[in-house]
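The values are calculated or read from the model by the stated rules, or taken from the named source; none is laboratory data. Only a predicted model underlies this, so the values are computations on that prediction, with no experimental measurement involved. Here the Cβ positions follow ideal geometry from the backbone for every residue, glycine too, while neighbour counts run over all protein chains shown. SASA here: full protein model, heavy atoms, side chains in, ligands and nucleic acids out. Shrake-Rupley method; radii C 1.70, N 1.55, O 1.52, S 1.80 Å.
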Amino acid sequence: MHLAELQDVIARTYGERDAARGLPSSVAWLAEEVGELAQAVRKGNDAQRLHELGDVLAWLTTIAGQLGLSLEDAAARYADGCPRCDASPCSCP
């Protein structure tokens, strides 16, 4: 699935509810999910890690939509490697 497709699915599925919740609450949910991902990375199995990665991606997608921004545009920053040194692999000190 492409990021733009994911943004469309998330917007159709949760957009109205997420807009009513508001950006600050969505950011708080993202932070909570990142914590759950950290726990899954430390103590979970691959199924739990995939579940939490999906949740983090969904909340990040929601926030991008609420901001009116494209995840594809955000990801493009890394299309040619490191955005600081323009190398791949990164050669930053």
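Points worth noting:
- When only Cα pairs below 8 angstrom with a gap of at least 6 residues are kept, segment 20-88 shows a relative contact order of 27 percent.
- According to the calculation over all Cα-Cα pairs in the chain, the P(r) per 5 Å bin from zero is 3, 13, 18, 17, 18, 18, 10, 3, 1 %.
- 13 Å beta-carbon shell around Glu5, net charge (K/R +1, D/E -1): -1
- Across segment 16-69, Cα-Cα pairs more than 15 Å apart make up 46 percent of the total.
- Sparse-neighbourhood loop sites, trypsin sites (Lys or Arg not before Pro) in segment 44-89 - DSSP loop, at most 16 other Cβ within 10 angstrom: Arg77, Arg84
- Within the accessible area of the chain, the carbon and sulfur atoms contribute 57%, probe 1.4 Å, all protein chains present.
- Here the peptides 11-23, 60-72 are ranked by packing, the mean other Cβ count within 10 Å, and the order with the highest first is 60-72, 11-23.
- Rolling a 1.4 Å probe over the protein heavy atoms gives the chain an accessible area of 70 Å² per residue.
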